[in-house]
1. So between ALA9 and ASP154, what do we pick up on full extension, going 0.36 nm a residue minus the alpha carbon distance?
2. Calculate the dipole size of the chain relative to its Cα centre from +1 charges on Lys and Arg beta carbons and -1 charges on Asp and Glu beta carbons; express the result in debye to the nearest 20.
3. For the range 38-120, run through the GluC sites (Glu not before Pro) and keep only the ones in DSSP coil with at most 10 other Cβ atoms within 10 Å of their Cβ.
4. Please name whichever of PRO293, CYS303, GLY265 sits farthest to the positive end of the charge dipole of the chain, dipole taken about the Cα centre and charges placed at Cβ: Lys and Arg +1, Asp and Glu -1.
5. Would you work out which of ALA55, ALA44, CYS26 lies farthest towards the positive end of the dipole of the range 7-99? Charges go on Cβ: Lys and Arg +1, Asp and Glu -1.
6. Could you check the simple spin-label distance between GLU83 and GLU120, using points 7 Å along Cα→Cβ, in nm with one decimal?
7. Taking the simple approach of a point 7 Å from Cα along Cα-to-Cβ for both ASP177 and LEU19, what is their distance in nm?
8. Label-point separation (nm) for CYS26 and THR50, each offset 7 Å from Cα along Cα-to-Cβ?
Amino acid sequence: MTERAQGPARQEEFAGRMLRLLNDACLGHLCSLGHRAGLFDVMAGLPPATSARIAEAAGLDERYVREWLGGMTVGGIVEYAPEDGGYRLPPAHAAVLTRDAGPDNMAAFTQYLAMMGEVEDEVLAAFRAGGGVPYSSYPHFQDLQAEETARVYDSSLVDTIVPLVPGLTERLRDGIDALDIGTGQGHAVNLLARAFPRSRFVGMDISEAGIGEACAEAARWELDNARFEVADTAELTGSYDLITAFDVIHDLARPARTLTAVANGLRADGVFLMGDIAASSDLSENVGHPLGPTLYALSVFYCMTVSLAEGGAGLGTVWGRQTALRMLREAGFDEVGTREVPGDILNVYYVARKGR
């Protein structure tokens, strides 16, 4: 049968897909609300309960909670018993929706949907005129990023990610100088400083608010081996045994210059540990990626456009392994390997050294 003859059937099938897309997108926004309001966490600790009981436990308005529960029920996330008006969050659902789920908490990711909606008009203007949306248009982005990365770092940074570099754990225990670029609110630095008290850590970011949060956490934890600086990573100075960059290089206006500065800032036996998005630079190879549409959407609505707003390279979220490896070599790294963490579909880790 020709494609033309299949037309009506294909149209109907695609219309069904778009209907599912619309429903799932709306459900995603409701999940974002449920996460931020703490409703999933509350329901995970309750037996089947009425909307009034759930609202009381969460400290929220019952009418809003009842309507939210309606969406959760028809969306298949919450179970409802009409005979007694009880709502239940199944344990299997709670395992990927609550804060106790740690890095498996998918509800936290849905918060990016609201962020995209907040800047859609500005992104549309950039489509028409070029340029980009400035970082200042994202007042909540750093909080979202800090929450997302903390879920991963708390469970994996010290015991899983650091050991991806052979011998690094032992060197950190003995005491080395380390720098984290694009540190955001500095949680990774503070975790490492607490785990390896003999090493000395610096976190660098252009955000004064982020550095303020980082310093506050270091003070709460009484760390004397962690400090933070407001600085442009493309202009970094000093020499270090370890430099890290977690999901930051593709956002930068001058990524190539930053990578060269990193290479120049490493001591002879130093190592650069770069975590970034696990994807290909070849679009055709990203078809079927489990997070493919999400990655390209995040690029359009944040990563690419923020870089372009500064007149930057606009690498985008999905700059991919091939481009990353090429840029690392061009920056002066002769030895580059990649490592992956089992079960992590989002990140790949690059271990880069200068020729020794």
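Read-outs: derived from the displayed coordinates by stated rules, not from any lab. Keep in mind it's a predicted model, so treat the numbers as computed, not measured. Positions of Cβ are generated from backbone atoms using ideal geometry, with glycine treated the same way; all protein chains shown enter the neighbour counts.
1. Details: separation 145, 0.36 × 145 = 52.20 nm, distance 4.90 nm.
So the extension gain works out to 47.3 nm.
2. 700
3. Values: sites: GLU56, GLU62, GLU67, GLU79, GLU83, GLU118, GLU120; in loops: GLU83.
Qualifying residues, ordered by number: GLU83.
4. In the chain, that residue is GLY265.
5. Selected residue: CYS26.
6. 4.3
7. 6.4
8. Computed distance between label sites CYS26 and THR50 equals 2.7 nm.
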